[in-house]
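Just below is one structure, and these are the notes that go with it.
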Amino acid sequence: MQRILIWDIPTRLFHWTLAVSFAVAWLTSESDEWLGVHVFFGYLMLGMVAFRVLWGLVGTHYARFSSFWFGPNDALTYLRQVMKGHAARHIGHNPTGSAAIYLLLLLTVAVGLTGFFTLGTEEQQGAAAGWLSIAQGRTFKKLHEAFAIGMLLLVIGHIAGVVIESVLHKENLARSMVTGTKLAPNGAVSVKPRTLIAVLMLILVGSFGVWWFSYALHAPIEKQFGRPSGSISRASVPFVGTKLPDNAQWREECGSCHIPFYPALLPVRSWARTLAEQDKHFGTDLGLDAGTSVAILAFLTANAAERHLTEAGLKIDRSLAPNAAPLRITETPYWIKKHREIPNATWLAPKVKSKTNCDACHLDAMQGTYEDAAMRLPKP
């Protein structure tokens, strides 16, 4: 037996880069503040898969697909042998491990592509912005989450397999993926490090990282709305909201007493009720003439929650009972759900004072988009 190089540097770099990328992407998946980091590592995972497919065709001996191309029966047979404690040792990938690798590559692509379309639909950002409706984006988000969970389970299974194999064959497989070396019989193929390829990989990854974060952190989001820029510089991509239809008459009349609440925040039946009861509009009389009422109602109807122009509009519409026609946005189930964890001290903050003061927390309230990336909670 002799210790030889089995895993070249590019293969090891791929392995650990993919592992770290998935871990960071998973940990930042629920935070809008770290959306830019999440997206970066998602793209990086797709890039790593592209490299691995290429390296599986032209790489060194043990990295090539031809060296670990086993069928499903081979994988199951090997798994049964492992469970019985007498599986044969493989210098490269074993049959069960090879199946996990192929599944991991497929799941990474599935997670990456569904994330790409989720970003373009729900967040209205990235290259896919505007390609599909927000309602279709909900489907992609559910698939994205399902594939990510499947990938997590596969990773856990992979780690368990590494531990079991290490114990069974009395060798540290995790260390082998760090050093690249393993004990092998005399005459076994020893590969070359391929250092230059690894250096090129690092240069490409580093260049992409510099470009991405110079884009994602080019300026605090507040500057995009003409607000005073605070000390917060979030790691999210710049806010890119869809430009919504506007109406000067609506903005002037409805904005004379409070911010003009965009039509997407309530259904058509609510807006119709508002104008039908305008003489008792929360203790005041709107006093709109017939022509103005008709014009404003037409704009409200064309852009109401049912039209699903925004993510908030879609979710408000789906949270309401079919015949519900609330006059207050704060009475909709979705609004209540989204704001229930906000502490009372925030509502009492000088910049807020009222639950109708959407502009205090949503930088894009005047635009009506209410995107997650444009939300700021003022300090109490």
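Could you check the stretch 288-316 and list, in sequence order, the residues that are assigned to a loop (DSSP other than H, G, I, E, B) and not hydroxyl-bearing (Ser, Thr, Tyr)?
Answer for the stretch 288-316, where residues must be assigned to a loop (DSSP other than H, G, I, E, B) and not hydroxyl-bearing (Ser, Thr, Tyr): Leu288, Asp289, Asn303, Ala304, His308, Leu309.
I'd like to check something: does the stretch 245-262 contain any residue that is modelled with pLDDT of 80 or more, farther than 23 Å from Gly313 by Cα and not hydroxyl-bearing (Ser, Thr, Tyr)?
No - not one qualifying residue is present in the stretch 245-262.
Considering only the stretch 155-186, state which residues are exposed (fewer than 14 other Cβ atoms within 10 Å of the Cβ) and aliphatic (A, V, I, L, M).
Once the filter is applied, which keeps residues that are exposed (fewer than 14 other Cβ atoms within 10 Å of the Cβ) and aliphatic (A, V, I, L, M), the stretch 155-186 yields Ile156, Ile159, Ala160, Val163, Val167, Ala174, Val178.
Only one of (1) surrounded by 18 or more Cβ atoms within 10 Å (Cβ to Cβ); (2) in a helix (DSSP H, G or I); (3) hydrophobic (A, V, I, L, M, F, W, C) is not met by Ala87, so which one is it?
(2)
Which residue pairs have Cβ atoms under 8 Å apart, sit 6 or more places apart or on different chains, and have a first residue in the stretch 361-379 that is more than 13 Å from Leu265 (Cβ to Cβ) and a second that is buried (at least 17 other Cβ atoms within 10 Å of the Cβ) and among the aromatic types (Phe, Trp, Tyr)?
So the pair list comes out as Leu363/Phe239; Glu371/Phe239; Ala373/Phe239; Ala374/Phe239.
Out of the residues in the stretch 168-214 meeting the condition of being β-branched (Val, Ile, Thr) and in contact (Cβ under 8 Å) with a residue 40 or more places away in the chain, tell me which one is farthest from Met45 (Cα to Cα).
Applying the filter and picking the extreme gives Val189.
Looking at (1) in a loop (DSSP other than H, G, I, E, B); (2) surrounded by 13 or more Cβ atoms within 10 Å (Cβ to Cβ), which is the only condition Ala127 fails?
Of (1) in a loop (DSSP other than H, G, I, E, B); (2) surrounded by 13 or more Cβ atoms within 10 Å (Cβ to Cβ), only one is false for Ala127: (2).
Looking at the stretch 298-330 only, could you name the residues that are surrounded by fewer than 19 Cβ atoms within 10 Å (Cβ to Cβ) and aliphatic (A, V, I, L, M)?
Ala298, Ala302, Ala321, Ala324, Ala325, Leu327, listed by residue number.
Could you tell me which numbered condition Val20 fails, if it satisfies all but one of (1) modelled with pLDDT of 95 or more; (2) crowded, with 22+ Cβ neighbours inside 10 Å?
Only one criterion in (1) modelled with pLDDT of 95 or more; (2) crowded, with 22+ Cβ neighbours inside 10 Å is unmet by Val20, namely (2).
What about Arg64, is it out of contact with any strand residue (DSSP E or B) (no Cβ under 8 Å at 6 or more places or on another chain), in the same structural domain as Pro193 (by TED's automatic domain parsing), without any contact (Cβ under 8 Å) to a residue 40 or more places away in the chain and within 25 Å of Ile4 (Cβ to Cβ)?
yes
Give the number of residues within the stretch 34-70 that are at pLDDT 90 or above and either part of a loop (DSSP other than H, G, I, E, B) or of a type in the set (Phe, Trp, Tyr) (or both). I'd like the intermediate steps shown before the answer.
Of the residues in the stretch 34-70, the ones at pLDDT 90 or above are 38-70.
Filter once more, keeping what is either part of a loop (DSSP other than H, G, I, E, B) or of a type in the set (Phe, Trp, Tyr) (or both): 40-41, 43, 51, 55, 59-60, 62, 64-65, 68-70.
The qualifying residues number 13.
Sort out which residues of the stretch 317-345 are closer than 22 Å to Gln249 by Cα and outside any loop (DSSP other than H, G, I, E, B), and write them in order of number.
Ile329
The values are calculated or read from the model by the stated rules, or taken from the named source; none is laboratory data. Bear in mind the structure is a predicted one, so any value in this text is a computation, not a measurement. Neighbour counts are summed over all protein chains in view; Cβ atoms, including those assigned to glycine, are modelled from backbone coordinates with ideal geometry.
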